[in-house]
Structures are given as structure tokens and as C-alpha cells.
1. Are there any pairs with C-beta distances below 6 angstrom linking a residue in the range 267-282 that is assigned to a helix (DSSP H, G or I) to a residue that is at pLDDT below 95, with the two at least 6 apart or on different chains, and if so which?
2. Between residues in the range 16-27 that are under 18 Å from Asp88 (Cβ atoms) and assigned by TED's automatic domain parsing to the domain that holds Thr62 and residues that are assigned to a helix (DSSP H, G or I) and not aliphatic (A, V, I, L, M), which pairs lie under 6 Å by C-beta distance while being six or more apart or on different chains?
3. For Val188, state whether it is buried (at least 16 other Cβ atoms within 10 Å of the Cβ) and either modelled with pLDDT under 90 or farther than 18 Å from Ser258 by Cα (or both).
4. Just for helices (runs of 4 or more DSSP H) wholly inside the range 81-197: which have at least 2 residues that are charged (D, E, K, R)?
5. Could you check how many residues of the range 147-165 are free of Cβ contacts under 8 Å to residues at least 24 places away in the same chain and buried (at least 16 other Cβ atoms within 10 Å of the Cβ)?
Amino acid sequence: MDEQPSPPLDRRAELSEFLRTRRARLKPEDVGLPDFGRHRRVPGLRREELAQLAGVSVAYYTRLEQGNGRNVSAEVLDAIARALRLTDAEHAHLTHLAKPKAHKKKQPARPQQVRGALRQLLDSMDGIPAYIGGRRTDILVWNRMAAAVFGDWSELAPHERNWARLVFLKPEYRDLYVDWEQKAIDIVCMLRMDAGCHPDDPRLSTLVGELSVKSEDFRRLWATHDVKEKSHGVKRIRHPLVGDLSLQYESFRLPDDSEQSLVTYHAEPGSASAEALRLLASWGTDATRAGTTTPR
């Protein structure tokens, strides 16, 4: 697919909006400050209140919120993170935006490679839907059971094997997830984390630009600047062959490549969902052909 890459994401603008939205969600009473009932033109804490909580001058905090994180210390970022009641994921995101890692030399983006042993591991996980995801919510490799549950991604062009594109641009994935909104939020939060770590990634900025143009839901969620990491949880799937599935997922970052994660799904033993997975496993390619990538 030949397309012009979008310009890099503006790190200063990202830092500014992230701090502003985190400040806007707090009220004085949330952080132990008195609220004298004065009219507030904008929701949340004022800059001077946040600066007071963090122990920095108003001018210093204002410069930071305007996107100027140059020379800010880790100690000041820690103080601001505490004042804003940031989660660990949000704290890490703030650090990436304010103090980006220096890259020795800009290299062309190369496809992410999955070790052969990991491919064999996926194939050996009989009855367990599993895949390896990479940067930008790309789906790199998967096993037969993942195809049976989510659809045969091999039918898609490589650039379309991406959770963000599937969830926001393919109507069948809106039908697949019982709680589509939560799945969409999770995807956007992951993309935000990736943007904080790699604001100069042209493929990421192109993806964000495409989704912003084509999906009103994406634009709405992207504007929240929310970030989080989810390593486990439950997803409810509405499968075209076996009906509703309640699947627990686990996500494991690979020790030799933190930008890749092994994601597995399983059902509670003895449950209706476990029986449904067993049926899908026994149907093999017939289940795969009924997946979400095939028009229904």
C-alpha cells in the first residue's frame, strides 16, 4: 500500500494536552484543597493550585503545561505525577513526553520479526486462542484457534492486521465485542502509550491520521488523552457460530522484545464458553471460515 506518511506527532502538543486533561479531571476536594465556591471558567484544578500541590512555581508549571519540558528533572515530574494522582502508566507516559529518549540515528521502520520458536509455541497451544501483538496494535502472528474466534487474519492485507483498524473501521468487529466501547477505549489507550514512546514513528502518525479522518468514535476517544496498560481481564465475544463467549485474557511482554506481547484467551473450566471453544477447535477450518474477516 503506497501512501504518504503523516508528519510526526507533535510531542510538545501531546505533553500540553495530556497535562491539561489530567488537571481538568481533578476537583479541589479530590486533593485536599478548600473549594470556596468561586466561579471556575474551566473544570478541574487551576494551574496555581496544581503548582502549589507539586511544590513548584506557577510560572514553571505553566511552561511545562505549554509543552516545554526541556531540562525538567525526574523529581519534578514525580511531584507533578503525585499531585495529578497519575497511575503508573500515566506517570510513564508523562516521562516519555517530557523527557524523550534520544535516538542515535533515525532508521527506516522495519517490519517486526517474530522468532520461529514463538511461532511453534503458538501452534502447539491447542485449544487456546493466542497471538503475538506488536507496536501500533499490529497483529504479527496467531494460531488456528485465534483465527477461529476472531476471524482469519491471513485473508487481510498485512497493513490491515491491526487492532485499531479492525475495531474502528470494520463493522463486523463492532458486532463481535459485546462491550465494543470498552474494547475501543483499550485500543486507543495502547496507541497513546505507543505515541508517547515513539512520537516520530511515521507509520503510527499515518495510522492515527487515517483513523481520525474515518472514525468519529476514534476522534472522540483520542481527544481524551487517556493511557493505561492492561495485562489481564475478561472479554465477551459474540461469535457467529457458537454464540456468546466469556474469555479471560492474559498479556505477557516478551523478555527479549518489550514491544511484543503474547496474548492468550481461555475460558473457565466446565463453563459454557469452555465447551464452545472445544467445539470451535473440533470444527477446525470450518470455524475459521465463519470468522469475522469473512462478510456475513
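The values are calculated or read from the model by the stated rules, or taken from the named source; none is laboratory data. Being a predicted model, the structure only gives us computed values, none of them experimental. Cβ coordinates were reconstructed from backbone atoms using ideal geometry, including for glycine residues, and neighbour counts include every protein chain displayed.
1. Matching pairs, first to second residue: Ala276/Val242; Leu279/Val242; Leu280/Ala148; Leu280/Ala287; Ala281/Gly127.
2. As it stands, the answer is Leu19/Glu65, since those pairs meet every condition given.
3. Values: buried (at least 16 other Cβ atoms within 10 Å of the Cβ): yes; either modelled with pLDDT under 90 or farther than 18 Å from Ser258 by Cα (or both): yes.
When the stated conditions are applied, Val188 passes them.
4. Values: elements: 88-98, 116-124, 144-150, 163-169, 171-176, 180-197.
Passing ranges, in order: 88-98, 116-124, 171-176, 180-197.
5. Result for the range 147-165: 1.
Rundown of residues vs (1) at pLDDT 95 or above; (2) of a type in the set (S, T, N, Q); (3) surrounded by 13 or more Cβ atoms within 10 Å (Cβ to Cβ); (4) more than 30 Å from His159 (Cα to Cα), yes/no style:
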| position | (1), (2), (3), (4) |
| --- | --- |
| Asp2 | no, no, no, no |
| His39 | no, no, no, yes |
| Arg46 | no, no, yes, yes |
| Gln66 | no, yes, yes, yes |
| Val76 | no, no, yes, yes |
